[in-house]
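Novice: Please find one structure pasted underneath; my questions will follow.
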Amino acid sequence: AYTIRPIEPQDNQAVMEITLKILTDFGCVGPGYASSDPELRCMYETYREAEGEYFVVVENATGRVLGGAGYSRLKGTTPEESVCELQKLYFLPELRGKGLGKQLLTLCIERAAEAGFRQMYLESIPVMETAIALYTRLGFKQLDKPMGNTGHTACSIYMVRELPVPVMA
């Protein structure tokens, strides 16, 4: 019923609207939150140029984008540090509880590892309990302080996990 695929140019508006809706629903709008990130208006272009990828979840019957997530090098880190950040994992309410969050996060973990990253970092807020529980189930551990320089100063949950070393054929 759903397809996970790389973001395309025509997905920019939907991804921005989903991100802003979810952040608004959780009271996370303004400076220090992802709602202020300049790339929100041009996600396809941002990830096309970045060391990372962004994926969307599309409802097969309608073609409607219902959520997404991606990863990119953690701002404020060097290539040698090999740390990426899980970015903008947001789902509309009708998509939640179907196992797609786990599927999408697993895809991001695998692809980031294949791209050579050794750690995946993320930031969140306490009210996003369901997401934090998913991150914990998938091996993320809480940190006492932030890594890198995301600009998301309003976030108070910092998590990281080691990424698997890809097996070469």
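Novice: For segment 45-81, name all the residues that are open to solvent by 30 Å² or more (accessible area, probe 1.4 Å) and within 10 Å of the chain's Cα centre (by Cα).
Specialist: Of everything in segment 45-81, just one residue is open to solvent by 30 Å² or more (accessible area, probe 1.4 Å) and within 10 Å of the chain's Cα centre (by Cα), namely 53.
Novice: Quick one: how many residues across segment 94-130 are charged (D, E, K, R) and open to solvent by less than 50 Å² (accessible area, probe 1.4 Å)? Step through it out loud before you land on a result.
Specialist: First pass over segment 94-130, keeping only residues charged (D, E, K, R): 94, 96, 98, 102, 110-111, 114, 118, 123, 129.
Subset that is open to solvent by less than 50 Å² (accessible area, probe 1.4 Å): 123.
Result for segment 94-130: 1.
Novice: So residue 133 fits all but one of (1) part of a loop (DSSP other than H, G, I, E, B); (2) open to solvent by 30 Å² or more (accessible area, probe 1.4 Å); what number is the exception?
Specialist: The number of the failed condition is (1).
Novice: Tell me which residues, restricted to segment 5-21, are in a helix (DSSP H, G or I) and either open to solvent by less than 80 Å² (accessible area, probe 1.4 Å) or β-branched (Val, Ile, Thr) (or both). Walk me through it before giving the result.
Specialist: Initial filter on segment 5-21 (in a helix (DSSP H, G or I)): 9-21.
Selection gives 9, 11, 12, 14, 15, 16, 18, 19, 20.
Novice: Which of the numbered conditions does residue 29 fail, given that it passes all the others? Conditions: (1) open to solvent by less than 60 Å² (accessible area, probe 1.4 Å); (2) part of a loop (DSSP other than H, G, I, E, B); (3) without any contact (Cβ under 8 Å) to a residue 60 or more places away in the chain.
Specialist: (1) is the only condition that residue 29 fails.
Novice: Next question, about the same structure. Of everything in segment 32-44 that's without any contact (Cβ under 8 Å) to a residue 60 or more places away in the chain and of a type in the set (D, E, K, R), which residue is least open to solvent (accessible area, probe 1.4 Å)? Before you say what the answer is, go through the steps one by one.
Specialist: Of all residues in segment 32-44, those without any contact (Cβ under 8 Å) to a residue 60 or more places away in the chain come to 35, 38-44.
Narrowing further to those that are of a type in the set (D, E, K, R): 39, 41.
On the way: 39: 26, 41: 173 Å².
Per the stated criteria, the residue is 39.
Novice: Mind listing whichever residues of segment 157-169 are at pLDDT 95 or above, open to solvent by less than 100 Å² (accessible area, probe 1.4 Å) and of a type outside the set (Val, Ile, Thr)? Lay out the reasoning, then the answer.
Specialist: Taking segment 157-169 first, the residues at pLDDT 95 or above are 157-163.
Going one step further and asking which of them are open to solvent by less than 100 Å² (accessible area, probe 1.4 Å), we end up with 157-161, 163.
158, 159, 161, 163, listed by residue number.
Novice: Is it the case, given these coordinates, that residue 122 is in a strand (DSSP E or B), within 22 Å of residue 157 (Cα to Cα) and hydrophobic (A, V, I, L, M, F, W, C)?
Specialist: Working: in a strand (DSSP E or B): yes; within 22 Å of residue 157 (Cα to Cα): yes; hydrophobic (A, V, I, L, M, F, W, C): yes.
It is true that residue 122 is in a strand (DSSP E or B), within 22 Å of residue 157 (Cα to Cα) and hydrophobic (A, V, I, L, M, F, W, C).
The values are calculated or read from the model by the stated rules, or taken from the named source; none is laboratory data. Every value quoted in this text rests on a predicted model; they were computed, and no experiment measured them. Counting neighbours? That spans all protein chains shown, and the Cβs are built from the backbone with ideal geometry, glycine included. The protein model used for the area step is the full one, side chains on, heavy atoms only, and it has no ligands, DNA or RNA in it. Shrake-Rupley method; radii C 1.70, N 1.55, O 1.52, S 1.80 Å.
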